[in-house]
Each structure stands twice: as C-alpha cells, then as structure tokens.
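Notes follow once the structure below has been shown.
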Amino acid sequence: MGARKDIEAITDRIRERSKASREIYLQRIADAASRTANRAVLSCGNLAHGFAACSAADKAALSGDKVPNLGIITAYNDMLSAHQPFETYPQLIKEAAREVDGTAQVAGGVPAMCDGVTQGQPGMELSLFSRDVIAMATAIGLSHNMFDAAVYLGVCDKIVPGLMIAALTFGHLPCVFIPAGPMTSGLPNDEKAKIRQLYAEGKVGRAELLEAESKSYHGPGTCTFYGTANSNQMLMEIMGLHTPGASFVNPGTPLRDALTREAAKRALSLTALGNAYTPVGRMIDERSIVNGVVGLHATGGSTNHTIHLIAIAAAAGIRLTWQDISDLSDATPLLARVYPNGLADVNHFHAAGGLGFLIRELLDAGLLHEDVQTVWGDGLHPYAIEAKLAADGSVARDPAPASSGDEKVLVPYAKAFQPSGGLKVLTGNLGHAIIKTSAVKPERRLIEAPAVVLDSQEALHDAFKAGELDRDFVAVVRFQGPRANGMPELHKLTTILGVLQDRGHRVALVTDGRMSGASGKVPAAIHVTPEALEGGPIGKICDGDIVRLDADNGTLEVLVADAELKARKVPLIDLSGNEYGFGRELFAGFRQMAGRADQGASAFGMA
C-alpha cells in the first residue's frame, strides 16, 4: 500500500504543478478541433493539390469530408535495421484503410539516425537534436490539414520521442504508434561485450570484433539489448499508444503484419467522424506519463528517457521533473533483467511473458493507473495480454501467462529483483545528475577517488592506451552538454571503464554528456547539470580533486571547500572542432537554444 500511495501522491503533485499549463494546452487542442481540422476547411485548389496523385477511388472519397483520411508519418530508411521493415507498411495501411471505408496517405517522412552507427563519430553530436528535427518534420507533414488521424512509424532512440512531441503538438488528432519489432536473437550480448573488451585491450583484432558485432546486429528489427529503442516500445505500449501486445513481435511475420493492419483500422475508428473520438492530447494525461515512468523503472530502461519524458510531457502541458522520476523509481520494483541489466535479450523477455505479464503484475500491485484512456479504449487491463495470430489471419489475444516463463529474466511482483527501479537523481555541490544502478553491483555504488579531468572521450581513450589509467579514479568528462556539442552518447567510455573495473580498480564516470540505455556495470553520473559550458561546477573540477559518488544516498560531490570551489573559474576551451563538419554547422542555433538536461534539453523551450 505504501508504494501505491506514493505513486498516487507523485501523480497528484504533477497534476497540481501542471494545472495552469495543462489547461492552456487542452484549450488549444479544443480550439484546433473546433476549427474543423480536416479537409472541409480546404479550398478546392488546396484539396486538388492534396489528392492529385491518388487513385480515382481515393479522389472520390477525399472529395467529401465524410470519409476519414489517415496520415502516415514514417521514419523508413533501409540503412537502419529497426526501420527497414517500414518499407512495406504504407501499402498495408492503405489496404487496411480501404477495408473500413477510409483512406490513407503518407503525410511525410522524418529523419532517423542510428546512434549505433555514429557512436564515437562526429555525427553523434546531431543525435539529440535529431529528436527536435523529427518533431518539426512531422509538423510539416501534418500541416497540410488533410488528415483525421495519424499513425506514426518509428522505433529507435530519438525517433519515437520526436514523433511523440509532434503527436501531442497536434493533440486534436487521434493517433496510433506502429512498431516494427526486434530482430531475432543473434550473438548473446554478454559475449559481444567480452569481444569489445578484448579488442580494447588489444587481445583481438578488428576482424574478430567486426565478426562479433555482425553476429549480434544481423538482420531487420531493433537491436535486441534493452536500450532506448526497446524502452521506447515499452513506453508506447504501457502508455496506451500501441495496440495491445504489439511491441516485441519480430518483423516479417504474419502476426507483425496483422498487428499493423489492425493498428491502421483502429486509428481510423478514433476520428471525430465516428462515435469514439479520442484525441491523443486528451488521452495522454498525468496518469499516462506516470505509467510510462513506472514501466521504465520496472524494466530497468534507458536513462535517455530522463530527458525525453520531460520533453514529451511538456508538449502536453505536463510539468514532469527529475525528482518525480527519482521518487517513482523508489516506489517501483525491478521486475525484468534484460541486457545490460542481465544476460537475456528482449526476445527472451517477450518469450518469458513480456509486457503483458509485467503490466498485469504492476496493475495487480496497484503501481499503474488503470483508469487511463488508451487507443484500445478505457483502462489498461486490456494490455495485460499475449497477442497471437488467429486462424483467420487477424490478431487474437489471450490473458498474460499466470507465471513467468523464465524467472532469470522476468519475475512477479512478489519476487522482484530489487525494491527500486534503479534510476536516481544525484545532488550535491556539482549540481544534479542521473545514475542508473540496476546493472551496478551494490559494492560499486559508492566510489570516492581522485578525478581525472578530460574534455572528450577520445582523450580518455588515449590515456587508457598510454597506460595512464591503471588505478582508482573518477573520469570527469566535461563540455559534453547540449550547448557544448549536442550532448552525444559516450559509449566509447563504457568498454574502457569496464576493463579497468574488471582489473580490480574502483572507477566511475561523471559527465554532462549521455550514456543512454547501454549504461551498464560501471557507476556513471550522467546528464550533470548545469553543464560546464554554462559555468556548471563540473567545469571547475581539477585533476586530483577527490570526487565522491554515492548512488545509494543520492549524492555527487567534489570534496573541495565551498569557498574554493566558488572562487574557481571554468576554463575556456576551444570548442570550434564541434561546430562544423558532418552537418554540425547547421545546428549552431540548436546548440544556442538548447535547454538544460533536467528540462528536456529541447530547442523549443517547452519545459
């Protein structure tokens, strides 16, 4: 009962804090709906342009305002394994729309970049900002005002948050998110990690490393570890934006196609032209956001969502804070262990009972708000299911299994792996930071060691190769925040620090950059805010200062007298190398406008 009351209290305080901004938002989407936000307001010239390339039958349907038209926003490209399956979706969706006397058009495409390709490369400095570009590109696609509802085809790291921000900006439109599913299991993630560490130590060559990586990332679908992409899919389902059971069905299967057709029909059933009008801006409220955060904690999900969820909530007029996220973590037990929080991948999680089992357990424990609206109707209980293929090719649903198929991967509430979700806010004289502890052993959660101060992950890599880091230390990697260089993920540090930890050293990371869903066994205080470029105390740490990171008690400090720390100046460093090349010069405005990490790091100023 204590955890249930805590979650209700946190929801109440979010609601109270958001009252004014939420009322303004709801009035705006009501105004948009009242202006007949569909083809009826378009001139004949407008409309003729809008359906010029359609078939004769679709032109006839679109000539009036009684046939619902579905806008498709797609993140398809065939370089990203997770998005390649979307190539065939528009045709499936159009066929499904016609079966229910509707139409569908591709309203627009949005960029979709892969952090796995850009890790450690200059392009990674565009990654976080791509979220806001995706939201803007979606707005352009929907601005034609041809649509009565929308479906969103996106999976990976910044794509789903960007689509969500846009969907809520067009909150008068109903919408359904349609996933593509994870690739089938390849080389186990722990084996891949071992090869990476051996390569970092020079014990295997590039050929062996590439072979291991290729066996791990080997086909269409999302990467199978539980990073931001798969955390996105969990969020869309537990927040009621997927059809039930849609998240983790593999691409290219009859069930995947059946779910896609069903989602298109469902979106068309929710328009203002019917009797079940469900605008997404009203559907997603404070309870939905809290359910998403609880799901994130119960599954040990991506730290990126401590940024994205704040920006998503702000797009709906909801004021979510890091403290809300941290307090919800304290009230939510960890029920899943999927790499990097365990050895299993997301396919093993799905086979063990998956989201249906997890949602049922959290609902029975009173840790989710059941009384929410979803794209499936009222209440979250319809999501406590397992989706299957019916004999006629449609989707059938059975109740979630009564017991886990593998308690090394997924456990009932009564057998939780740990009492809290493992995401915490750290506070102290360095400001605020986030740490993910679900994969960090308890004896590693308190680190007190001298600082090694660096201004890039390449500098730490060079120091490691030079043999300068075989000792206890805290790596302080600064000038990695949104305004400095776009806040790239710093995955090149993961393997190096893991090697040093395995050698018996007590090491940790403190940075104003990101580490994402792959944050693993090394304690990492990330998203430190204020960032160094804004004069944040992280920029005042000197080599040899003792830094104390205490994840259990939620503190992050440099053990320097307050007066001395205040008197220190953040050094001026040359960041011009981050300002051009690989398109970075086009994002100068984004860097200047970017908000703080604890405010969603958005260029829109919503939070």
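Values quoted throughout were computed directly from the atomic coordinates according to the rules given, and no laboratory measurement underlies them. Being a predicted model, the structure only gives us computed values, none of them experimental. Cβ sites come from the backbone with ideal geometry, for glycine too, and all protein chains shown count toward neighbours.
So the values come out like this:
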item	result
Separation between Cα centres of region 216-288 and region 36-101, rounded to whole Å	19 Å
Shape call, region 214-373: gyration tensor on alpha carbons, a/c limit 1.5	oblate
Beta bridges per DSSP with both ends in the chain, % antiparallel, nearest 5	45 percent
Calculated FRET value between residue 277 and residue 468, using beta carbons and R₀ = 60 Å, to 0.05	0.40
Rounded FRET efficiency, nearest 0.05, which uses the C-beta distance separating residue 55 from residue 34 and R0 of 41 Å	0.80
Cα long-axis angle, helix 354-364 against the chain (0 to 90 degrees, to the nearest 10)	90 degrees
Value of relative contact order over the chain, rounded to a whole percent, pairs C-alpha under 8 Å and six or more apart	15 percent
Rough spin-label spacing in nm, given labels placed 7 Å along Cα→Cβ, for residue 572 and residue 253	5.9 nm
Per-residue [θ]222 nm for the chain (sum of -39500 (n - 2.57) over DSSP H runs n ≥ 4, rounded to 500)	-11000 deg cm²/dmol
Cα gyration tensor shape of region 423-575, rounded if a/c is under 1.5, else prolate or oblate by comparing a/b with b/c	rounded
Chain lengthening between residue 448 and residue 20 when straightened (0.36 nm per residue, less Cα-Cα)	149.7 nm
Separation between Cα centres of region 159-207 and region 449-498, rounded to whole Å	23 Å
Across 465/521; 203/521; 441/492; 66/94; 203/424, pairs whose alpha-carbon gap is larger than 29 Å	203/424
Neighbour-count ranking [beta-carbon atoms within 10 angstrom, fewest first] of 299, 278, 427	427, 278, 299
Percentage relative contact order, region 423-575, counting C-alpha pairs under 8 Å, at least six apart	32 percent
Sparse-neighbour loop sites [trypsin sites (Lys or Arg not before Pro); region 431-507; at most 16 other C-beta within 10 Å; DSSP]	471, 503
Aspartates and glutamates with Cα under 18 Å of residue 540, excluding same-chain neighbours fewer than 8 positions away	448, 455, 512, 531, 557, 562, 564, 574
Folded to 0 to 90 degrees: helix 206-216 orientation relative to the chain principal axis, Cα	40 degrees
Spacing of the two label points (7 Å from each Cα toward its C-beta) at residue 27 and residue 552, in nm	5.1 nm
Rg and Dmax [Cα atoms of the chain; Å; Rg one decimal, Dmax integer]	23.8, 76
Summed side-chain charge close to residue 13 - residues other than residue 13 whose Cβ falls under 14 Å, Lys, Arg +1, Asp, Glu -1	0
Aspartates and glutamates whose Cα lies under 15 Å from that of residue 158, excluding same-chain neighbours fewer than 8 positions away	115, 125, 132, 489
Packing-based exposure ordering (other Cβ within 10 Å, fewest first) of 579, 286	579, 286
Of the trypsin sites (Lys or Arg not before Pro) in region 268-324, those whose Cβ has at most 12 other Cβ within 10 Å and which sit in DSSP loop	none
Residues 406, 285, 257, sorted so that the one with the fewest Cβ neighbours within 10 Å comes first	406, 257, 285
Computed lengthening from residue 403 to residue 592, 0.36 nm per intervening residue step minus Cα-Cα distance	62.9 nm
For residue 555, distant residues with modelled amide H under 5 Å away	427, 550
Rounded FRET efficiency, nearest 0.05, which uses the C-beta distance separating residue 564 from residue 502 and R0 of 45 Å	0.80
Between helix 159-169 and the chain: long-axis angle, C-alpha atoms, 0 to 90°, nearest 10	50 degrees
Relative contact order (percent, whole number), region 22-89, Cα cutoff 8 Å, 6+ residue spacing	18 percent
In region 539-606, the trypsin sites (Lys or Arg not before Pro) that fall in loop regions by DSSP, at most 16 other Cβ within 10 Å	568, 569
Distance between modelled label sites at residue 582 and residue 351, nm, 7 Å Cα→Cβ extension	3.6 nm
Net length gained if the chain between residue 88 and residue 41 were fully extended (0.36 nm per residue, minus Cα distance)	13.8 nm
